[in-house]
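A.B. asks: Pasting in a structure now, in structure tokens, and then I'll have a few things to ask.
The values are calculated or read from the model by the stated rules, or taken from the named source; none is laboratory data. Quick caveat: nothing in here was measured; it's all calculated off a predicted structure. Here the Cβ positions follow ideal geometry from the backbone for every residue, glycine too, while neighbour counts run over all protein chains shown.
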């Protein structure tokens, strides 16, 4: 009998037990995909409550088509925005360097929309389609034990839970990852000021939903509408020369690929002043964005080096636990959604767990590694200093940022990968 038995299947094996560590976008998408495939799972989230905070995400066609396949496409469409384009501007005078058309052009080219959405809105709609007992809150996993025929999660309160398959969707600080690799997180040298700006603070953008970015020496800024256009999500990256603590030191807090620096505890006024100083001399619209944010948080931008494998015995990884990446290609959440769909298809089709997990790695490792490394390289291109190299980049931008050049990224069909 198949090692992963569908709901209602006869036989002594019953329904396979699948556990998911982490209740973020990766873990919740995994749970929805498994449920749609007729496979039971339970999700363990360390937070005591479902978070409603957060900022924006860009959901690109390679992931939005998967959300539609999972049955939440209409719900996403109701809370998200479809931007008309990605506009890239020069840092000081705001001159537009390139425009990538999105909207209907994106749907026509890739068969799916490009969305900007508030992270909490996406998380909530994924939760709503799951049975109420799927997600267990306040359950912090502190260790994972692998055996040949099972895998066990050990929790902070001493409780244990044993599964036929355990999926680590627990972020860059993944406990599950420790069972596979003894690696460390890597600080990029960049921090990000992030915040939400009321859309009516920039009336000149009303009716013009776009992803807007400004590229300048050593740093850049990006913004886009979320929450149905009521707010603008802002991220302003800048170098941080003050960080000297090791990434894995107890003095540092590293809870996500872009984790809050020092628990995000810096006073709001001091963050606003620091952001204004970092962007002194930039396009007035950038400074207006920073000044209009109700509050800013400061995040360190981290990733890890790609792993050669994600699985051991009956344990595997998805999302930031598997391939934490810098945000410069806006693919972190999108790749987690791809992971969840491909892993579910592999589990559904295989005759045994090990075959399923090996197949999943084969299908995902090359692609996510390419995106991880491309995200690092993008920082160098975005942050060129004034001079000949920057002028050459700017001249090439209209061609490089053409929509068709995103075929490898946006046109990828994860829903067909396991069928090949």
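A.B. asks: Would you check if there is a residue in the range 206-219 being in contact with a strand residue (DSSP E or B) (Cβ under 6 Å, 6 or more places away or on another chain), closer than 30 Å to residue 182 by Cβ and either crowded, with 23+ Cβ neighbours inside 10 Å or at pLDDT 95 or above (or both)?
C.D. replies: No, every residue in the range 206-219 fails to be in contact with a strand residue (DSSP E or B) (Cβ under 6 Å, 6 or more places away or on another chain), closer than 30 Å to residue 182 by Cβ and either crowded, with 23+ Cβ neighbours inside 10 Å or at pLDDT 95 or above (or both).
A.B. asks: Okay, moving on. Taking residue 143, is it in contact with a helix residue (DSSP H, G or I) (Cβ under 6 Å, 6 or more places away or on another chain) and in a strand (DSSP E or B)?
C.D. replies: Numbers: in contact with a helix residue (DSSP H, G or I) (Cβ under 6 Å, 6 or more places away or on another chain): no; in a strand (DSSP E or B): yes.
Here the answer is no, as residue 143 does not meet what is asked.
A.B. asks: Let me spell it out: the conditions are (1) under 30 Å from residue 69 (Cα atoms); (2) in contact with a helix residue (DSSP H, G or I) (Cβ under 8 Å, 6 or more places away or on another chain); (3) surrounded by fewer than 24 Cβ atoms within 10 Å (Cβ to Cβ), and residue 348 meets all of them except one. Which number is the exception?
C.D. replies: With (1) under 30 Å from residue 69 (Cα atoms); (2) in contact with a helix residue (DSSP H, G or I) (Cβ under 8 Å, 6 or more places away or on another chain); (3) surrounded by fewer than 24 Cβ atoms within 10 Å (Cβ to Cβ) applied to residue 348, the lone miss is (2).
A.B. asks: Suppose we filter 273, 367, 287 for residues that are at pLDDT below 95 and either touching a helix residue (DSSP H, G or I) at 6+ places or on another chain (Cβ under 6 Å) or farther than 19 Å from residue 185 by Cβ (or both); which single one remains?
C.D. replies: It is 273.
A.B. asks: Then there's this: Restricting the search to the range 157-173, which residues are assigned to a strand (DSSP E or B) and touching a residue at least 40 places away in the same chain (Cβ under 8 Å)?
C.D. replies: 161, 162, 163, 165, 166, 167, 168
A.B. asks: Within the range 174-198, track down each residue that is within 19 Å of the chain's Cα centre (by Cα), in a loop (DSSP other than H, G, I, E, B) and closer than 22 Å to residue 29 by Cβ.
C.D. replies: Our first condition is that a residue be within 19 Å of the chain's Cα centre (by Cα); within the range 174-198, this holds for 174-177, 185-188, 190-196.
From what is left, the residues that are in a loop (DSSP other than H, G, I, E, B) are 174, 185.
Result: 174, single match.
A.B. asks: Continuing with the same structure: Hand me the list of helices (runs of 4 or more DSSP H) wholly inside the range 303-420 holding 3 or more residues that are farther than 30 Å from residue 43 by Cα and touching a residue at least 40 places away in the same chain (Cβ under 8 Å).
C.D. replies: In the range 303-420, 353-382, 388-400 are the helices (runs of 4 or more DSSP H) which contain 3 or more residues that are farther than 30 Å from residue 43 by Cα and touching a residue at least 40 places away in the same chain (Cβ under 8 Å).
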